[in-house]
Structure formats: structure tokens, C-alpha cells
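Below you'll find the structure I mean.
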Amino acid sequence: MKLPSVTDRLARNRFVLDEAESHIHINQELAALTNIADALIACCPAQVYSKAEDGTILVEYAACLECGTCTTIADDAVLSWHYPRGGFGIQFREG
Amino acid sequence: MTWKTEEPDFEVIVIGAGVAGSVAAYQLAKQGRSVLLIERGEAPGSKNLSGGILYCNEMEKVFPDFLNQAPIERRITRNYVSFLNQDSSFAIDYQDTRLAHPVNAVTVLRAKLDAWLADQCTDTGVMVMPGVRVDAVLTETTDDGTQVVGVQAGEDKLTAHVVIAADGANSFISRAVGLRPKPKQNQMAVGVKGVISLPRRTIEDRFSLSGDQGAAFAVVGDCTQGVGGGGFCYTNLDSVSIGVVLRLDDLVAKKKAATRVFDHFLSHPLMAAYLEGGELREYGCHLVAEGGLDMVGDIHMGGLVVVGDAAGLTLNTGLTVRGMDLAVGSAIAAAKAVGTAIERQDVGAQALSVYRDLLFASTTGKDMERFARMPEFLERERLYSKYGDLLARIMHHIFNHDGTPREPAVKVAANAFSRSKVKIGQLLSDGLAGVRAL
């Protein structure tokens, strides 16, 4: 069985996108100081995080599977993460 | 005594319609309490993932006909535990039809199971409110300290005598109210899981099962590329749930990408053969508490009790991984304690400490205590890297007849030892620690 790319995997899931607000916010200065970018990028199973050329961390919050890995490995001051508003985000059909 | 004479909106508010939350709500409604069950997902179950198999014992105490009425997938009759290396594997393959008579453990898919549980709640009079995120609990300061008196969801405030936090492994609710600390990295693991569609018949043929029998695989070693944790694979009716569980401190330290480790396990020849021709139906991830008893800590305060994953109730014994049965066990204890507290009109911290007493008098609490040393044992590095290799070396000597005269078994083992990276002292130490932890 050939595994689809992570993007294609996520495309098979059902998401209800909250277009009004992101549930993930990064303090870029602190993130740079604590050098957390690579760990966030590597650990997130949904590949929500990536790095821009200038080192800024980019957040694709719409892809988030809401596991909480990032918020466990990052300091709360660096990464503010809460669940999306009620009814939004990933909606597993199998689980 | 802590009791408010004015009538609250509900006697009990439960946050989270997972296994723990729904069972607690159901039990309290059966006692005649007014219960509100709030779920942030579109529907109960839509935020939840089954990380393994459900041992049914506790669930059958709540729903005697659970096996016939609930949407279960397969009844586990085969437990397969394997040390996986790059080119070899060594496994214990335990198959027993007695495990199905009576049924001991089943596979479930949470979107279906949790929806069924919530239906049982509705039928018993629980008000189930999906699509609502609880932002915080409401508190008041009393002579006995902080007392939880309700919940806040957006602009809405709802009051209750007792709030039950069943909000899952992250448990932001008990963190925000200062009851429980943020978990440490070595206390949490991320489970990454795929649900792969396969025809029923194919699953039964490949896993040597008949009818609705099921198999559960637990794998350590190369499946996680040396990261503390393991691989798992469970058969559903017409799909296979497969993935890896990775301890966060080790995942960060080893600088491995979670997605790569997942792909690596599914592509390993041992697993790939089972998945051939399958189609990925869903991809998900979820945190798992790995801290054992140490992590349970404070699970009650005035007006609040914490149940299930939110209370750190997961148990990895090396051979079996349990969570859902512990969620039920804690929900039974919580419902009893909360019901009694309301009846006696005292919902202060002291009155609700009965929850803790009941929990640790039950199988759930006793098992958490029994395996208290397990997390520390499972942090031993060699389990994930060297033992699989050592076992395969010994087996290779035994089964590979290369034409030379055979050596005595003791010498075979000694040779394999000297060539592997494990020292005798380490083996003894790990063996002793393992036995103690069990």
C-alpha cells in the first residue's frame, strides 16, 4: 500500500474550518530565542508548522488534528494553543 | 459543609462526551440527577480516537448487554507482541478462543462508540449539548478554598453543584483552575494512527481470524526508529487501525519527525504485508498519558472531579495498553461519589475526596498502583533498540543451520550476548526492574 502524502491524508479527513479565528498563536521572538521551530515542525503529525525563509514559523491551523503535542513541548509563553471553538476543527468519522 | 441553597441550572455538568464523561453522566442520570453533558465536537466522538482495545469488564458493569448493543468491531482472540528489527522480528503470538468466551476485550471506533454512549445518556434523561466548547469553570472563594460552581462557554454561564472534567488528555480545565500542572514531556506520548480500509475477508485471512474475532498487535523496536514508545495494529470489522505511540521527550531528543516514524512502521515488511491493497480512510493523532500513577496527582477539589484521560488514567504495562476501561472505572467512582455528595448536600473538597477513595479501592486504582513503576522501566532505552537485535541473534543461531556442528544453547546465548550491544549487567538490571514493575 502506498501511503499518500500528509496533505493528501488530511484531505480525506473531515474538517470544519473556523475562518474567523486561528486557535494557534506564536510569539515569534520567543520562539526564535528558544529555538523551538525545528521541534515543532518535526513533532506535529499534521505538519501544521513550517519555517519561512526569514526563520518565522508559519502556522497552517486549518490542518490541526488537535492532539496537543506542540503545546506540550513548547512553553506556554512561546505558543498559545487552545481548542478551536465548539463545532469547528477536525471531526473524526472513524476514531 | 459546602452547599448553595439556590437551585443551579443543573445538578451536575460534565465536560466532554468521551467514554469517561458519558458513563459518568449516564450513571448520575440513572440516579435521578439533572445532568448536562457538554461536548466541543460537532457530535460526541468526533474529537476522539481509540488508541487500542477496550477491556469490557468495567463497561459491562454499567451496560450489562454492552457486547450485543454497542457498536463494537471485533472480539480480541489474538494478542501478538513483537520485537521488531530492520530485517527480523521476534514475537509472542498468543491466540486463545477462551478470550471470546466470555468476551474479554474488543476493538471499537470512537466516532461510533461515543455516539452510542451519548444516545444512552439522552435516553436516560441527560441533556447532551454538542458543538459547545467550555472555556473555563466558574469559581467562588469559600471558607474551604476555591469552589467550582459551574462552567463558562463563550458568553454563557451555567451553574451546577458539581462539574466533572472529562476533557481528555490535555485537560485544560483542571490546569486552568490550578488543580493539575501542565504534563511534562516524558509523561506524554503522541499516538499517530491511520484507519486503513480492507475487505472483511482479507482481514480474517491475513490475521488468521474467523468471524468477528480480532487481533491486537503491540510492537517495539525498529517500528519507532529507537524512539521510546511502540507500534500498534488492531483489526476492526472492515478496517485496520495502525500507528505508533511516541514519547514526546524522546521524540524531541532524537529529532525524529513523527510522520516519518509513522510511515516507516507502516512500510516495514512485517506490517506492509497486512496492509497490501488497503486504502487510508482516516488519519489522526491524539495524546496519551504515559506517566502512570505519578501523573494521577490531584483529581478533585471543591465542586470538581476529574475522570478518564484528564486524570492521567492510562496504563502501559509493556504488554497491554489500557485507557478506556480505566475511564469507565473512574466514571463509576465519580458518579457514586458525586451522587452521594449531592444527596448529603455537601460538595466541598472533603466530601468529594470520596471519589479518590472509591477510585483507589477499585480495580482501576489498584492497577494504577500495581504498575506504578512501569513508566520508569519503559524509559529504559535498550527496550527500543537492543533487545530485539539480541533475541534475533539467538534465534538465528538456533534456526540457521550453516553446516557447522551445533553449539550448546548456553554458548549460543553467550555468543549472541558478546556480539550484541547489551551487557549482562544491563540485562539483569532491566530484567529485575521489569519483574518489579509487573
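So for B:His268, B:His101, fewest C-beta neighbours within 10 Å to most, what's the order?
Fewest-to-most ranking of B:His268, B:His101: B:His101, B:His268.
Would you please give the residues with an amide H less than 5 Å from that of B:Arg33, counting only those at least 5 places away or on a separate chain, with H modeled from the backbone geometry?
When sequence neighbours closer than 5 places are left aside, there are no close amide H contacts.
What is the dipole size for segment B:377-437, taken about its Cα centre, with +1 at each Lys and Arg Cβ and -1 at each Asp and Glu Cβ, in debye to the nearest 20?
120
Amide H of B:Arg133 versus every other amide H placed in the peptide plane: which residues, excluding those fewer than 5 positions away on the same chain, fall under 5 Å?
Distant-sequence amide H within range of B:Arg133: A:Gly86.
Something else now. Once you put a point 7 Å from the Cα of A:Glu21 and another 7 Å from the Cα of B:Asn400, both along the Cβ direction, what distance in nm separates them?
According to this spin-label approximation, the distance is 6.2 nm.
I'd like the FRET efficiency for B:Asp263 and B:Arg200, computed as 1/(1 + (r/R0)^6) with the beta carbon distance as r and R0 of 41 Å, rounded to 0.05.
Step by step, r from the Cβ atoms, then E = 0.95.
Using a 10 angstrom Cβ neighbour count of at most 16 plus a DSSP loop assignment to flag exposed GluC sites (Glu not before Pro), which longest range of chain B is free of such sites?
My reading of the result: B:7-154 is the longest stretch.
What are the ³J(HN,Hα) values, in whole Hz, obtained from phi via the Karplus relation 6.51 cos²θ - 1.76 cosθ + 1.60 with θ = phi - 60°, for each residue of segment A:29-34 in sequence order, with x given for Gly and Pro?
Residue by residue, segment A:29-34 yields 5, 5, 4, 5, 5, 8 Hz.
Then there is this: Can you give the mean number of other chain Cβ atoms that lie within 10 Å of the Cβ atoms in peptide B:39-48?
6
Between B:Thr124, B:Thr314, B:Thr404, find the one with the highest GNM mean-square fluctuation for chain B; connect C-alpha pairs within less than 10 Å.
Looking only at B:Thr124, B:Thr314, B:Thr404, the biggest GNM fluctuation is shown by B:Thr404.
Quick one: grab the alpha carbon gyration tensor of segment B:14-53, order the square roots of its eigenvalues as a ≥ b ≥ c, and give me rounded if a/c is under 1.5, else prolate or oblate depending on whether a/b is larger than b/c.
Taking the square roots of the gyration eigenvalues as a ≥ b ≥ c, segment B:14-53 is oblate.
Starting with the fewest neighbours, write out A:Met1, B:Met374 ranked by other beta-carbon atoms found within 10 Å of each beta-carbon.
A:Met1, B:Met374
At a 4.7 angstrom Cβ threshold, list every cysteine in chain B that has nobody to pair with, or say none.
B:Cys56, B:Cys121, B:Cys223, B:Cys233
Using the beta-carbon distance between A:Leu30 and B:Lys421 and R0 = 35 Å, what value does 1/(1 + (r/R0)^6) give for FRET efficiency, to the nearest 0.05?
Given R0 = 35 Å and the Cβ-Cβ separation, E is 0.30.
Here's something else I'd like to know. Average projected area of the Cα convex hull of chain B, in nm²?
22.6
How large is ³J(HN,Hα) for each residue in segment B:181-187, as worked out from phi by the Karplus curve 6.51 cos²θ - 1.76 cosθ + 1.60 (θ = phi - 60°), to whole Hz, x for Gly and Pro?
For segment B:181-187, the Karplus curve yields x, 5, x, 7, 4, 7, 9 Hz.
Sticking with this structure for a sec: When a/c is below 1.5 the answer is rounded, else prolate if a/b is larger than b/c, else oblate, so apply that to segment B:149-270 with a ≥ b ≥ c taken from the square roots of the Cα gyration tensor eigenvalues.
Here segment B:149-270 falls in the oblate category.
Further question: Two-decimal Rg/Rh of segment B:33-108 from alpha-carbon positions, Kirkwood Rh?
1.11
Full-extension gain between B:Asp9 and B:Val435, please, as 0.36 nm times their residue separation minus the C-alpha to C-alpha distance.
148.2 nm
Considering every residue in B:257-265, what mean count of other chain Cβ atoms within 10 Å of its Cβ is obtained?
Mean partner shielding for this stretch: 4.
Around B:Gly125, with a cut-off of 11 angstrom between Cβ atoms, what is the net charge of the other residues, counting Lys and Arg +1 and Asp and Glu -1?
Once all neighbours under 11 Å are counted, the net charge is +1.
While we're on this one: Within 10 Å of each Cβ in A:61-74, how many Cβ atoms from other chains are there, averaged over the peptide?
6
For B:Gly150, what residues show an amide H to amide H distance below 5 Å, using hydrogens built from the backbone and excluding near sequence neighbours?
Answer set, sorted by chain and number: B:Leu138, B:Ala160.
Starting at the first residue of segment B:153-166, write each ³J(HN,Hα) from the Karplus equation 6.51 cos²θ - 1.76 cosθ + 1.60 with θ = phi - 60°, in whole Hz, x for Gly and Pro.
10, x, 7, 7, 10, 10, 9, 7, 5, 9, 10, 10, 8, 10
Given chain B, what percent of its DSSP beta bridges are antiparallel, to the nearest 5?
70
Of all alpha-carbon pairs in the protein assembly as shown, indicate the percentage at a distance above 36 angstrom.
33
Return the FRET efficiency for the residue pair B:Ala409, B:Ala361: r is the Cβ-Cβ distance, R0 is 45 Å, and the value is rounded to the nearest 0.05.
Efficiency, from the Cβ-Cβ distance: 0.45.
Every number here is computed from the coordinates shown, using simple stated rules; none is lab data. Everything quoted here is computed from the prediction, not taken from an experiment. So basically every Cβ, Gly included, is an ideal-geometry build from the backbone, and we count neighbours across all protein chains shown.
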